[in-house]
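The values are calculated or read from the model by the stated rules, or taken from the named source; none is laboratory data. Just so it is clear, the structure is predicted and the values come from calculations on it, not from any experiment. No Cβ is skipped: glycine too gets one built from the backbone with ideal geometry, and neighbour counts run over all protein chains shown. These accessible areas exclude ligands, DNA and RNA; they are computed on the full protein's heavy atoms, side chains included. Shrake-Rupley method; radii C 1.70, N 1.55, O 1.52, S 1.80 Å.
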Amino acid sequence: MSKASAPGKVILFGEHAVVYGQPALAVPVTQVQAEVRIDKIFSPGIRINAPNIQLNDKLDSLAASHPLAATVRNTLATLEAGSLSGVAILVRSTIPVASGLGSGAAVSVAIIRALAKHLRKDLTDEQVSQLAFETEKLYHGTPSGIDNTVVTYARPVYFVKGQPIEILRVKKPFTIVIGDTGIPASTKESVRDVRIQRHKNPERYETLFAAIGSITRTAGQLIENGMPESFGPLMDENHALLRNMGVSSPELDNLVEAARKAGALGAKMSGGGRGGNMIALVQPGKAGAVARSLKEAGAVNTIINKVV
Ligand code: PMV
């Protein structure tokens with residue numbers, strides 16, 4: 001039996017703008033995980049069992065575009081193990097899907113690492129991230145690569161599309177509260193809508209992206225300089241820019257507002273938007289109160305995450 005797991009992730013700054021070359025900051029969320037177990041079985045072929053999505057099928061019966069099947073096939077090709085047979089791949093995850101917490105990337109990374117372990121082969125983090133990126137394209141269309149990167153390295157990252165990974169050095173830990181609207185939202189659709197709007201109005205969108213990029217760079221410096229509590233207002237600004245871009249939603253705005261009223265230092269939506277999760281920066285002593293206020297305002301789940 002071989003096992004591997006991967007954490008969720010949350011974007012602190014820079015979503016959407018990152019697709020157009022601006023930097024983004026993201027951190028792992030270890031309270032939620034994808035877990036993969038590979039067992040030997042007596043029947044030939046490879047079986048994939050993913051109870052969360054009611055999948056229990058032979059790999060051969062799944063389409064080339066099926067994200068889990070594609071992950072398995074691409075990994076076996078990279079590991080030169082095309083003839084693997086007599087195994088069952090069990091995929092379990094506590095990361096809510098389509099909520100901006102990186103569930104797809106985490107499942108991919110856990111599958112890739114479990115297969116490599118099972119075959120006693122080594123993959124570098126870069127190879128793992130690249131393989132997961134191939135699957136991200138099936139989920140997201142034109143992903144920036146931030147999800148597979150932060151989930152693979154399981155460290156806070158300063159991410160610029162197409163550039164080597166930069167680990168963000170968190171000089172002083174800080175606490176964020178994550179609130180889930182409970183509304184699943186397709187990142188593929190919100191990324192596509194932004195693309196359409198940008199095509200119609202390039203100047204306006206380039207200005208929005210540049211403003212987000214500048215906020216993200218400043219926030220990165222504050223985190224590296226040990227002044228995390230000062231980036232609250234930058235979250236508020238980033239949220240306003242995302243609203244202007246048309247990717248927030250009444251439910252996200254409501255939770256962002258509730259967090260601020262409960263004493264958060266700043267709050268914003270996180271990820272593709274239109275649903276999914278929002279985040280709030282809090283003083284550690286306020287985390288419980290902010291989480292409770294988010295629940296009262298309609299959040300279906302909250303996570304308190306200390307970023308180190
Ligand atoms: O919805 P999530 O958490 O997968 O984040 C998507 C982030 C975007 O910037 C909107 C898209 C991307 O590929 O970076």
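Against the test of being exposed (fewer than 15 other Cβ atoms within 10 Å of the Cβ), of a type in the set (D, E, K, R) and under 27 Å from Ala98 (Cβ atoms), the options Glu251, Glu237, Glu203, Glu296 yield a single qualifying residue, Glu296. Is it fair to say Arg292 is closer than 30 Å to Asn201 by Cβ and either without any contact (Cβ under 8 Å) to a residue 12 or more places away in the chain or charged (D, E, K, R) (or both)? Here the answer is no, as Arg292 does not meet what is asked.
Among the residues making up region 54-84, those that are in contact with a Leu (Cβ under 8 Å, 6 or more places away or on another chain) and assigned to a helix (DSSP H, G or I) are Pro67, Leu68, Ala69, Ala70, Thr71, Val72, Arg73, Asn74, Thr75, Leu76, Thr78. When restricted to residues that are assigned to a helix (DSSP H, G or I) and open to solvent by 20 Å² or more (accessible area, probe 1.4 Å), region 109-146 contains 13.
Of everything in region 1-30 that is closer than 29 Å to Gln163 by Cβ and among the polar types (S, T, N, Q), the residue that is farthest from the ligand (Cβ to nearest atom) is Ser5.
Can you find a residue that is more than 16 Å from the ligand (Cβ to nearest atom) and on the phi > 0 side of the Ramachandran plot anywhere in region 242-264? Yes - at least one qualifying residue is present in region 242-264. Looking at this structure, is Ala219 closer than 28 Å to Ser108 by Cβ and not in a helix (DSSP H, G or I)? No.
Tally up the residues in region 160-172 that are touching a residue at least 60 places away in the same chain (Cβ under 8 Å), touching a Pro at 6+ places or on another chain (Cβ under 8 Å) and open to solvent by 60 Å² or more (accessible area, probe 1.4 Å), please. Looking only at that region, the number is 0. Val157 fulfils the conditions (1) within 14 Å of the ligand (Cβ to nearest atom); (2) under 16 Å from the mean Cα position of the chain (by Cα); (3) open to solvent by 60 Å² or more (accessible area, probe 1.4 Å); (4) outside the structural domain of Ser230 (by TED's automatic domain parsing) except for a single criterion, (3).
Against the numbered list (1) away from the ligand (no atom under 15 Å from the Cβ); (2) under 21 Å from Val29 (Cβ atoms); (3) open to solvent by less than 70 Å² (accessible area, probe 1.4 Å), Glu229 comes up short only at (3). Annotation: of all residues in region 272-288 being more than 22 Å from the chain's Cα centre (by Cα) and open to solvent by 40 Å² or more (accessible area, probe 1.4 Å), the one that is farthest from the ligand (Cβ to nearest atom) is Gly285.
Looking at region 181-198, is at least one residue without any contact (Cβ under 8 Å) to a residue 60 or more places away in the chain, farther than 27 Å from Asn254 by Cα and either outside any loop (DSSP other than H, G, I, E, B) or away from the ligand (no atom under 11 Å from the Cβ) (or both)? So far as region 181-198 goes, no, none of its residues is without any contact (Cβ under 8 Å) to a residue 60 or more places away in the chain, farther than 27 Å from Asn254 by Cα and either outside any loop (DSSP other than H, G, I, E, B) or away from the ligand (no atom under 11 Å from the Cβ) (or both).
Scanning region 52-71 for residues that are open to solvent by 50 Å² or more (accessible area, probe 1.4 Å) and within 21 Å of the chain's Cα centre (by Cα) yields Asn52, Ile53, Ser65. Just one of the listed residues (Arg73, Arg47) is modelled with pLDDT of 95 or more, charged (D, E, K, R) and under 22 Å from Lys137 (Cα atoms), namely Arg73. Could you check how many residues of region 254-271 are open to solvent by 10 Å² or more (accessible area, probe 1.4 Å) and either closer than 21 Å to Glu229 by Cα or touching a His at 6+ places or on another chain (Cβ under 8 Å) (or both)? Adding up the residues that qualify gives 8. Counting only strands (runs of 3 or more DSSP E) wholly contained in region 1-52, the ones carrying 2 or more residues that are touching a residue at least 12 places away in the same chain (Cβ under 8 Å) and among the charged types (D, E, K, R) occupy 2-13, 24-40. Residues that are touching a residue at least 40 places away in the same chain (Cβ under 8 Å) and part of a helix (DSSP H, G or I) are absent from region 268-283 altogether.
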